[in-house]
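As structure tokens, the structure follows; a few thoughts come after it.
The values are calculated or read from the model by the stated rules, or taken from the named source; none is laboratory data. Given the structure is predicted, the values throughout are model-derived calculations rather than measurements. With ideal geometry, Cβ positions are generated from the backbone for all residues, glycine too; neighbour counts draw on all protein chains shown.
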Amino acid sequence: MQKRTKIVMAVVVAAAIVGAGAAEVLTSTSAPPCAGVALGLPPQNNTTAAVSANERIPTASAGGEQETRQGVLTGTAFRGALSHLASPSDPIQVVAAENFWGSLISQLGGNLTHVISIITDPNTDPHEYEVNATDSRDITNANYVIVNGVGYDDWAVAEIAADGETNQTVLNVGTLNGVSVTGGIVTGNPHMWYNPVYVNNTVAAMYADLVHIAPANTTYFQAQYATLNESLGKLYNQANEIRHFHAGAVVASTESIFVYLANYTHLDLVSPPAFMEAIAEGNDPPTQSVVAFQCQLGSGRVAVLVYNEQTVTPITTNMKAVAAANNVSIIGVTETIQPPSYSFQEWMGIQYYNLGQALNATALGS
């Protein structure tokens, strides 16, 4: 989610585990009484158990892990395909609903595409975005439209349907990857750009679509595809290093944006799924999940807390305070490319670097 204007406060009937002190739990920076609270933490000093415990939040199954690594990290299939650059006099008009997909298609299409990304402002909530006349015109005039899907940008999906342009090529990333709004915290999680598997699938589909739209420029697109795969390979080597050195490390997140990356790197994400899903959707998390989360952060077992910089609520701010009070490393991630002038790889690489540094610091400290 993007930064919200709605103030999210958990006003819930107090559960037996919380009693009459529920309101205090939501604002306290110290862990509440945690006796009897199920924390979902792995056994102490048991790396093997910690890694397998990650299966409590199942890993998306789009392609085997080794198959995915080969697909993402090797971009040699089209190497040497460079030839003359096709004329950009009549570029393919592309509209991407969000700038992370816009960055990738721009790199693939090069000077043969003109790409407009609609969501670039970090203060814009894709769920609540309203299409304006310029957006409508751009979508109508586009040869190629890319939407995230999975309920993330329904406004774009509706605009495409209303336009009725039959000669337009449309890529719905959620449909491509088999992710559905009914799928829960993984197979219904719209934050697919944090999943290297899904990014690889999406880039391959983008390449195929460009070749379909402009087959005369296939050689050019092949070369662009090879270059992009090589760059993504270097990016995902960072994620593979995190997996190699920190698999099984216990981490937490204020929302579901981090689930895909935690699973890919084999980090043990323990924060309550009900909490993460509620915050991601702009809803009040169940009080029981708030209590469990605070107790997790106060347990001395959580290495890093990941929070979405574009979703700021009293509850997420409180969780950061609880983490800081308990010497838990804190890092921020964003939903859209920040700053917007960065490429997908630059933006994501910084976030991988910050995560790795936080895990390194915790490991050294212990």
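Is segment 300-314 home to any residue that is in a helix (DSSP H, G or I) and farther than 16 Å from Ala38 by Cβ? Step through it out loud before you land on a result.
Taking segment 300-314 as the starting set, the residues that turn out to be in a helix (DSSP H, G or I) are 314.
This time we only want the ones that are farther than 16 Å from Ala38 by Cβ, so: 314.
Yes: segment 300-314 contains one or more residues that are in a helix (DSSP H, G or I) and farther than 16 Å from Ala38 by Cβ.
List the number of the failed condition for Gln296; all other conditions in (1) in the same structural domain as Gln93 (by TED's automatic domain parsing); (2) under 30 Å from Leu364 (Cβ atoms) hold.
For Gln296, the exception is condition (1).
Using beta carbons and a limit of 6 Å, which pairs, at least six apart or on different chains, have the first residue in segment 260-287 and in the same structural domain as Met192 (by TED's automatic domain parsing) and the second one crowded, with 21+ Cβ neighbours inside 10 Å?
No pair meets every condition.
Assigned by TED's automatic domain parsing to the domain that holds Val95, touching a residue at least 12 places away in the same chain (Cβ under 8 Å) and crowded, with 17+ Cβ neighbours inside 10 Å, is that true of Ile242? Before you say what the answer is, go through the steps one by one.
Values: assigned by TED's automatic domain parsing to the domain that holds Val95: no; touching a residue at least 12 places away in the same chain (Cβ under 8 Å): yes; crowded, with 17+ Cβ neighbours inside 10 Å: yes.
So Ile242 does not fit the description; no.
Which ranges mark the helices (runs of 4 or more DSSP H) fully within segment 202-299 that have 3 or more residues being within 22 Å of Ile315 (Cα to Cα)? So that I can check it myself, show each step before the final result.
On the way: elements: 218-246, 259-264, 273-280, 287-297.
Passing ranges, in order: 273-280, 287-297.
Scan segment 320-354 residue by residue and report those that are closer than 24 Å to Val290 by Cα and touching a Phe, Trp or Tyr at 6+ places or on another chain (Cβ under 9 Å). Step through it out loud before you land on a result.
Applying the first criterion (closer than 24 Å to Val290 by Cα) to segment 320-354 yields 320-335.
Of everything in segment 320-354, those that are closer than 24 Å to Val290 by Cα and touching a Phe, Trp or Tyr at 6+ places or on another chain (Cβ under 9 Å) turn out to be Lys320, Val322, Ala323, Ile330, Ile331, Gly332, Val333, Thr334, Glu335.
Taking Ala252 as the residue in question, decide whether it is touching a strand residue (DSSP E or B) at 6+ places or on another chain (Cβ under 9 Å) and either buried (at least 22 other Cβ atoms within 10 Å of the Cβ) or of a type in the set (S, T, N, Q) (or both). Let's see the steps before the verdict.
Values: touching a strand residue (DSSP E or B) at 6+ places or on another chain (Cβ under 9 Å): yes; either buried (at least 22 other Cβ atoms within 10 Å of the Cβ) or of a type in the set (S, T, N, Q) (or both): yes.
The answer is yes for Ala252.
For segment 279-316, which residues satisfy the criterion of being touching a Phe, Trp or Tyr at 6+ places or on another chain (Cβ under 7 Å) and among the polar types (S, T, N, Q)? Give the steps one after another, and end with the answer.
At the first step, the residues of segment 279-316 found to be touching a Phe, Trp or Tyr at 6+ places or on another chain (Cβ under 7 Å) are 285, 289-290, 293, 306, 316.
Correct list: Ser289, Thr316.
Name the one entry in Glu159, Glu165, Glu130, Glu98 that is crowded, with 24+ Cβ neighbours inside 10 Å and of a type in the set (Asp, Glu). Please lay out each step first, then the result.
Details: Glu159 fails: crowded, with 24+ Cβ neighbours inside 10 Å; Glu165 fails: crowded, with 24+ Cβ neighbours inside 10 Å; Glu130 fails: crowded, with 24+ Cβ neighbours inside 10 Å.
Within the list Glu159, Glu165, Glu130, Glu98, the selection yields Glu98.
Restricting attention to segment 169-177, does a residue exist that is in contact with an Asp or Glu (Cβ under 9 Å, 6 or more places away or on another chain), farther than 30 Å from Glu277 by Cα and either without any contact (Cβ under 8 Å) to a residue 60 or more places away in the chain or surrounded by fewer than 20 Cβ atoms within 10 Å (Cβ to Cβ) (or both)?
Within segment 169-177 (the criterion being in contact with an Asp or Glu (Cβ under 9 Å, 6 or more places away or on another chain), farther than 30 Å from Glu277 by Cα and either without any contact (Cβ under 8 Å) to a residue 60 or more places away in the chain or surrounded by fewer than 20 Cβ atoms within 10 Å (Cβ to Cβ) (or both)), the answer is yes, since at least one residue qualifies.
Which of the residues spanning segment 328-347 are hydroxyl-bearing (Ser, Thr, Tyr), surrounded by 14 or more Cβ atoms within 10 Å (Cβ to Cβ) and over 16 Å from the mean Cα position of the chain (by Cα)? Full working, then the answer.
Restricting attention to segment 328-347, the residues satisfying the condition of being hydroxyl-bearing (Ser, Thr, Tyr) are 329, 334, 336, 341-343.
From what's left, surrounded by 14 or more Cβ atoms within 10 Å (Cβ to Cβ): 329, 334, 336, 342-343.
The answer is Ser329, Tyr342.
Restricting attention to segment 348-356, does a residue exist that is at pLDDT below 95 and either under 14 Å from the mean Cα position of the chain (by Cα) or assigned to a loop (DSSP other than H, G, I, E, B) (or both)? Break it down stepwise before answering.
From segment 348-356, those at pLDDT below 95 are none; that's our starting set.
No: segment 348-356 contains no residue that is at pLDDT below 95 and either under 14 Å from the mean Cα position of the chain (by Cα) or assigned to a loop (DSSP other than H, G, I, E, B) (or both).
Name the single residue, out of those in segment 304-321 being hydrophobic (A, V, I, L, M, F, W, C) and farther than 12 Å from Ser271 by Cα, that is surrounded by the fewest Cβ atoms within 10 Å (Cβ to Cβ).
Within segment 304-321, the subset hydrophobic (A, V, I, L, M, F, W, C) is 304-306, 312, 315, 319, 321.
Filter once more, keeping what is farther than 12 Å from Ser271 by Cα: 312, 315, 321.
Details: Val312: 14, Ile315: 21, Ala321: 16.
Looking at residues that are hydrophobic (A, V, I, L, M, F, W, C) and farther than 12 Å from Ser271 by Cα, I get Val312.
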